[in-house]
Protein chains: 2
Amino acid sequence: MPEGDGDLDTAGLLEANASFYDAFERKDLDTMSALWERTSRVVCTHPGWSTLRGWAHVQASFFAMFDAPGTLQFVLTDATAHTSGDTGWVAVDENLLGDQAGSTVAALNVFVRDHTGSWRVVAHHGSIVNSPPPKFVRREGS
Amino acid sequence: MPEGDGDLDTAGLLEANASFYDAFERKDLDTMSALWERTSRVVCTHPGWSTLRGWAHVQASFFAMFDAPGTLQFVLTDATAHTSGDTGWVAVDENLLGDQAGSTVAALNVFVRDHTGSWRVVAHHGSIVNSPPPKFVRREGS
């Protein structure tokens with residue numbers, strides 16, 4: 001059974017999730033770094049990329065992206081947050097403005113609470129949405 | 001600090017992850033259903049799709065995929081598993097054979113242990129890898 005989905009838990013989780021995108025928009029590597037767990041177990045998959053494993057590779061990817069010209073603005077929709085003990089996950093749609101206007105990235109972000117009670121990112125996976133949501137109809141008798 | 005990354009924990013997690021792809025290959029909806037938590041908090045993002053939220057939508061997606069012609073075979077590489085309490089996540093590359101031969105899907109799978117101690121999927125996110133892993137070099141003095 002689901003557990004730990006208290007309002008306080010998910011509110012804090014959504015706040016940490018919002019901070020992630022805020023740091024992304026501001027190209028703020030220090031804040032972004034502080035939001036991650038900074039261990040070898042973190043993973044990050046940017047849209048279309050291979051998965052980066054471990055903080056050294058993840059940090060280098062943000063450094064390169066933040067160092068590149070152009071800006072990225074996110075309008076977040078459909079953020080849903082759930083927790084299980086000291087772990088939480090957020091599914092959110094990143095609607096991009098700026099150079100990549102019009103595209104939507106579906107993202108899954110996983111957080112683990114540290115010893116201070118703060119949520120730290122341990123996994124980020126984003127992928128471009130190519131199509132509108134499919135509508136499935138389960139047939140009778142199946 | 002990371003915790004709960006015991007060999008037994010991650011071995012069970014990798015086993016549950018392998019079962020997921022085994023059920024996928026065999027188009028076995030019953031086994032696939034048993035592997036998921038089957039609650040409203042589960043999320044699933046198939047490559048290029050919008051995120052499906054809640055078991056009803058997720059199950060319908062597997063039903064539709066398993067009902068379609070063609071087969072999908074996975075060669076899994078680079079599976080890394082980590083746990084935090086009763087939650088675990090696996091990053092894995094799905095190398096596809098069959099109709100989609102040659103493509104690789106980067107996947108992130110999140111599991112939560114149920115009351116029997118079995119790992120259940122709460123989140124699956126897959127995305128096509130468009131490019132080889134980038135090589136970043138952090139410049140001196142930055």
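Considering only beta bridges that DSSP places wholly inside chain B, some 90 percent are antiparallel. Report the longest stretch of chain A that contains none of the trypsin sites (Lys or Arg not before Pro) sitting in a DSSP loop with at most 11 other Cβ atoms within 10 Å. Answer from the scan: A:1-134.
With its label point put 7 Å out from Cα toward Cβ, A:D22 sits 4.6 nm from the same residue's point in the other copies, in order from shortest.
Computed on chain A, with alpha-carbon pairs under 8 angstrom and 6+ residues apart, the relative contact order is 24 percent. A dipole drawn for the range B:7-128 from +1 and -1 charges on Cβ atoms has a positive end, and of B:G126, B:Y21, B:A79 the residue lying farthest that way is B:G126. Only DSSP H runs of four or more residues enter the estimate; each adds -39500 (n - 2.57), and after division by the residues of chain B the mean residue ellipticity at 222 nm equals -9000 deg cm²/dmol. Over all Cα atoms in the protein assembly as shown, the spread is summed up by Rg and Dmax: 18.1, 66 Å. For the protein assembly as shown, DSSP calls about 90 percent of its internal beta bridges antiparallel. Taking the Kirkwood radius as Rh and the Cα radius of gyration as Rg, chain B has a ratio of Rg/Rh equal to 1.01. Mean projected area of the Cα convex hull of the range A:4-53, taken over all directions, amounts to 4.6 nm². A Förster radius of 30 Å combined with the Cβ-Cβ distance from A:L29 to B:E15 puts the calculated FRET efficiency at roughly 0.20. Distance between the 7 Å Cα→Cβ label points at A:S61 and A:L8: 3.4 nm. Scanning chain B for GluC sites (Glu not before Pro) lying in DSSP loops with no more than 14 further Cβ atoms inside 10 Å, the longest uninterrupted stretch between such sites is B:4-139. Assuming a ≥ b ≥ c are the square roots of the Cα gyration tensor eigenvalues, decide whether the range A:47-110 counts as rounded (a/c under 1.5), prolate (otherwise, with a/b larger than b/c) or oblate. Verdict is oblate for the range A:47-110.
Just so you know, all these numbers are worked out from the coordinates, no wet-lab data involved. Computed from a prediction, not measured in an experiment: that's the story for all the values here. Virtual Cβ from ideal backbone geometry, glycine too; neighbours counted across all protein chains shown.
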